[in-house]
Structure formats: C-alpha cells, structure tokens
Amino acid sequence: MWELLNRERGGKRKMPRTSLSVDERWKLIDSISKQVVLRGKYKHTLKDVISDLSVRPMTGIPLALAVLFGFWAFFGAFAGFFTDGFAVPAFDDHFLPAIQRAFPGEGGPLYWIFVGDPGAPSCFEAFGVLTSGLFVAFGVVLPAIVAFYLVLTILEDTGYLPRLAVLVDTVFHKIGLHGFAIVPTILSLGCNVPAVAASRVLETKKQRFMMMSLLAVFIPCGAQIGVMEELLPEYVPAILAFLFFGYFVTGAVLSRLIPGRSPEILIDVPPYRSPIMKNVATKTWARVSGFIKMAVPAVLGGIVVVNLLYLLGVIDWLADALEPIFVVWFGVPAVTVGALVMAFLRKDMAVGMLGGMAAAGLLTTGELITSVVLVSIYFPCLATFIMLWKEGGVRDLLKSLAILTVSFFVFGGLMHGIVALAGV
Amino acid sequence: MKFKLGSAYFAILGVITLAFGGLEVVTGLPGIEGLSTGALEIPPDLWRGIIIFFAGAFITAGAFKLRDIHGLGMSTFGSIMLWIIAGCDIFTRIMESIPNGAGGLNSLEGFLATYGPPYSPALFLLPFSLVIFYFIKEVEK
C-alpha cells in the first residue's frame, strides 16, 4: 500500500508514515480503485430487473400478495395432507378407541389426566395427555410447523425476505419501526420465542420493546394457526386480518406514547439465488427439532396442569368469578376460562381445547371465533413469557403485560362487537 | 420478426390473464358464486383474482418491449406471479390425490381422478406462459 502511494508521488518519499492525511487517503483510494475496478457500461440482467420490480411498490406489493398466497396455500395443503389425510383418521378411528379401552381405571383421576373424557368421539374433545396431547403435538402442530419453516427457509435463501423488508419499510415507519421488523414478525408466525430473540435486529430500546410487545400480543404462532386452520378454516384469514389490524393500531399508539428514537436503516439486499436443497433441509430440520424439543413437553405438561386444575375445582371457581366479564364484555361463555388458563402454557392446545368445546356444543361459531382471538391476544405462552423476561428484564416485562391487559379488553370487546354485527 | 410475434403473443396472453383475474375478483365478491363451465372452473377467491389480474397487467405491460431486458423482465415478473398460483394449484392436487380420506392411500382410479378437470384459469394459462423461457434465451444470446 505504501509503495502504491509512493509511486503516485513519483517515489519521492523514503520513510513510511504511521498516519495519512485525508488527501493522501483519497489518493490511495483512487489509485487502488483504478487498479481493481473495471469501468464500463453496466448491462442490466434479468435478475436485476426482477429484483428492482420486487421492491417497487406498484409491482412489489402484488408480488408480495402472490408470495403470501403461495405461503398460505402451501401451508394449508401440506398440513391438510398430513392432518386430515392421515392423522385425524388414525388418531380418531384407531388410536383413541384403543386407548380408551386399554387404559385402566375408566373415570378415575389418572384416566382423566391421561386419556380424558371416556366418551369423547375425537381426540380434540378427549383432552387427555395421551389423546389430545399426542394428537395436537404430532398430528396437527408438527405438519404445520414443518410447512411453515420450509417455506420461510426457501424465502430466506432465495433472497426475497430483504426485499420484503425494503417494500414494507414505509408502513413500519408509521408505527415507529422499520422494514426489518418484518423478519421477527414473520418468524413469530412460526414461533414467538425465536421471534422475540430476533427483535435484536432493531436498533433502539424503544423499537425492541415495541416489537417484543406486539409479537407477544398479536402474532399467533404457527402451531396455533395450524389448529385454527383445522377448526375454522374459512375464518382464519379474517382472524389474522383482525390481529394484524390490532398489531398496527397498537404499534401506532405505542410509537407515540413511548419515548425514544426510531432511526432509518440501510438494508443490504443480496441478489436473488436458487436455494440449495441441502441448506434448506438442514435449516428447516434445525428449526423444527428445536420447536419439537420445546413444544411437545409443554403441550403434554400443560394438559396435566390444566386437568389437575379441573379436578381440584380451580377452573370452575375461576369461571364463576370471571363469568360477568366473559359473558357481558367478550360475549363468550365462562367455560372458556379453562382454555385461557391453558393458553398460558400452550396456545395451540388452548385453541384445540376450544375446538373440543365447540364440538361438544358448548360454543357457537361466533363464540369460537371470539374465543380464538382472545386466546391469541391473551397472555403470551410460558416460553415467550420467559423470553420476554430474559430479553427486556422485569420492568419491560411488566410494561408489556400492561399493554397486553389493555389490548385484551379493547380488541376482545371489539371482536365481540364485530361478530355480533356480522351475525356469525 | 420473432420478437414482434412474441410481443403480440404476450400482449394477448396478458389480456386473457387480466380478464380471468377480473372474473376471479368478481366471483370472489360476497354474494357471488364461483363459475364452472366444462373444463374451466373460476374459484370464488378475491385474493387469487387480484394476483392474476396484476400478473396479466404486468405480462401485457412488458409485452410491447420484449426485446428490451426491462420489458422482458416485466413480462417474466407477471409470469412468475402466475406460476406461483398455478404451482399452488398443482401442489394442492398432488396433496389431495394421495390419501383416500379414511387414513389410507388412494386407489389408482381415485388418484388419477384428482388430476381431471375442471381446472383453474392459472392452470390453463401456465403452459402458455412458459414460452417466456424461449425469449429469455433469445435475449441472453
């Protein structure tokens, strides 16, 4: 480098200096760039043109709609193939009757905890560890999670996600975040736990706190969406639209209330690439196996806890105490209290529990929709709760819970009103 | 000459795609049912309709400058959107063709019947849109 600079000066200087002046630095940059940069007219390639079109709002938004449609259609078809095609018949027609007959002590406390209702016609309604627990964990949630992470990894590896971040940057700025907030948001549609960790990509404390709170309150995880898709397929888009409405409205309010900076960012957009199947498989497996290790024990343990609370009469006591709020403000019967307790442990299982109640005739379709929304915006699941604590500390966790309480009553009541007006 | 023919071809394909998209948007509106005529079925889905409509608009917009990389890119961009919808339709059919609904595998007749008509507009338009690869190769030459 010294030789290069010295040659520029006609080789007059003998001794190297430890620091360069600004002019000398620019001269050095010029001389290096002359040797390493090829100059000429850049010819756009097809990839460049498609890349440009992906980030321009007029063309990028329709493409984003198409990608989201593809994401959703793949998710539905893939999860439906395993769940409706094989898991539901296998669990309901073969496994459930067999375990109901084989497990000893029908009607006893252990039977209720492990098998559930002895007369239940489906695994959704039985609510035992070995019936609903295994069915929801492996028959419903696992296919949904595999489908979700597979598509997410493909989108990451093709280079579409950074383009989506550029495209939605303006929208996210309106709520005090920036385009990269789309990454934790999409991750959260798989599982809130890695998404809360991913909120570190945001620069300021204000942005990170807002992101974690919004994810914990409004974004349902893939497992929960998988169960919702099984129970209320025709209403899932409307429920998700409502939750995203809540996400943006609350974000806009928080952006004005919380002090702090919301800086601009520069995003490095890589070129479009074909994903390498081996990398896709490795990343998908790493995410799915992490999810299984965390979710399956929580689902099974959650059922044990909730069944114990039922047996001890705690849930009935809570249902009686909270009945006025539930019936008047949210328009749902007090039996949903059990599902909300479960939601703190596993939200997917809580939605499954609501499905069982609906199948048993305890909830109408409208009440089921409102209850599903309540489960979504209610307390984050235990794993997310711990993650919020770890990432933000006790003070931020308490502030998040305050936001959650207000959102729960506002958006829960609003959903009640919408369902009543729509006459569902 | 082949680029002039290509422009005309993609202009027509784009307009047809746009029209099908418009039809899907209309059938996706509340209170209107989907259309099914012989081998063609227009699903009542607003979301799909909007995507196909824009795909048609982009294919048409690029068709008039097909020799230019930007025009070709625009038509390719529209075609990609169409392929996403058609790809989803094909994938859904594959997933539906394998199980028999009772926990087992489908019979050969049941399996083949899943691939029969009616088809969505995206599936009809898919093979015609693949012609874009010929022009991509031509421009790359």
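Just so you know, all these numbers are worked out from the coordinates, no wet-lab data involved. Note that the coordinates shown come from a computational prediction; the quantities given were computed from them, not determined experimentally. Reconstructed Cβ throughout: ideal geometry from the backbone, glycine too, with neighbour counts over all protein chains shown.
Over the C-alpha atoms of the range B:98-141, the Rg to Rh ratio, Rh being the Kirkwood estimate, stands at 1.31. When only alpha carbons of chain A are considered, Rg and Dmax amount to 26.6, 99 Å. Over all pairs of different C-alpha atoms in the range A:247-406, the reciprocal of the mean inverse distance, the Kirkwood hydrodynamic radius, equals 18.8 Å. Quick one: among B:F58, B:F124, B:F20, which has the greatest mean-square fluctuation in a GNM of chain B with alpha-carbon springs under 10 angstrom? Of the options given, B:F124 has the highest mean-square fluctuation. Panel order for A:K41, B:K65, by other beta carbons found within 10 Å of each beta carbon, from fewest to most: A:K41, B:K65. Note on B:L105 and B:F133: the model spin-label points, each 7 Å out from Cα along the C-beta direction, lie 2.9 nm apart.
For B:L35 and A:V37, a Förster radius of 51 Å and the Cβ-Cβ distance give a FRET efficiency of 0.30, rounded to the nearest 0.05. If you take the Cα centroid of the range A:69-102 and the Cα centroid of the range A:338-373, the two points sit 19 Å apart. Compute the Cα gyration tensor for the range B:36-141, then decide on rounded, prolate or oblate, letting a ≥ b ≥ c be the square roots of its eigenvalues: rounded whenever a/c is under 1.5, prolate when a/b is larger than b/c in the other cases, and oblate in all that remain. In terms of gyration-tensor shape, prolate. Peptide A:245-256 has a mean of 0 when you count, residue by residue, the C-beta atoms of other protein chains within 10 Å of its C-beta. Listed by chain and number, the aspartates and glutamates whose C-alpha is less than 13 Å from the C-alpha of A:K47, apart from same-chain residues fewer than 8 away, are B:E140.
Per 0.36 nm of contour for each residue apart, how much would the distance between A:R256 and A:R200 grow if the chain were fully extended, relative to their Cα-Cα spacing?
Working: separation 56, 0.36 × 56 = 20.16 nm, distance 2.11 nm.
Gain in length upon complete extension: 18.1 nm.
The angle separating the long axis of helix B:46-63 from the principal Cα axis of greatest extent in chain B is about 20 degrees. Which whole-number percent gives the relative contact order of chain A, counting Cα pairs below 8 Å spaced six or more residues apart? Answer for chain A is 16 percent. The length gained on full extension between A:A281 and A:M294, counted as 0.36 nm times the residue separation minus their Cα-Cα distance, comes to 2.7 nm.
Cβ-Cβ distance of A:V424 and B:M1, R₀ of 51 Å, FRET efficiency by 1/(1 + (r/R0)^6): the value works out to about 0.30. For a 18 Å ceiling on Cα separation, which of these pairs sit above it: A:K347/A:K399; A:K41/B:K4; A:K293/A:K399; B:K4/B:K137; A:K283/A:K390; A:K43/B:K141? Listed pairs above 18 Å: A:K347/A:K399; A:K41/B:K4; A:K293/A:K399; A:K283/A:K390. In chain A, the DSSP-assigned H stretches of four residues or longer account for a calculated mean residue ellipticity at 222 nm of -21500 deg cm²/dmol, using -39500 (n - 2.57) per stretch and the full residue count as denominator. With the simple spin-label model, which puts each label point 7 Å out from Cα in the Cβ direction, the A:D48 to A:L362 separation comes to 6.3 nm. Counting only alpha carbon atoms, the long axis of helix A:365-377 and the longest principal axis of chain A meet at about 50°.
Take every pair of alpha-carbon atoms less than 8 Å apart whose residues are at least six positions apart; their mean separation over the length of the range B:2-140 yields a relative contact order of 26 percent.
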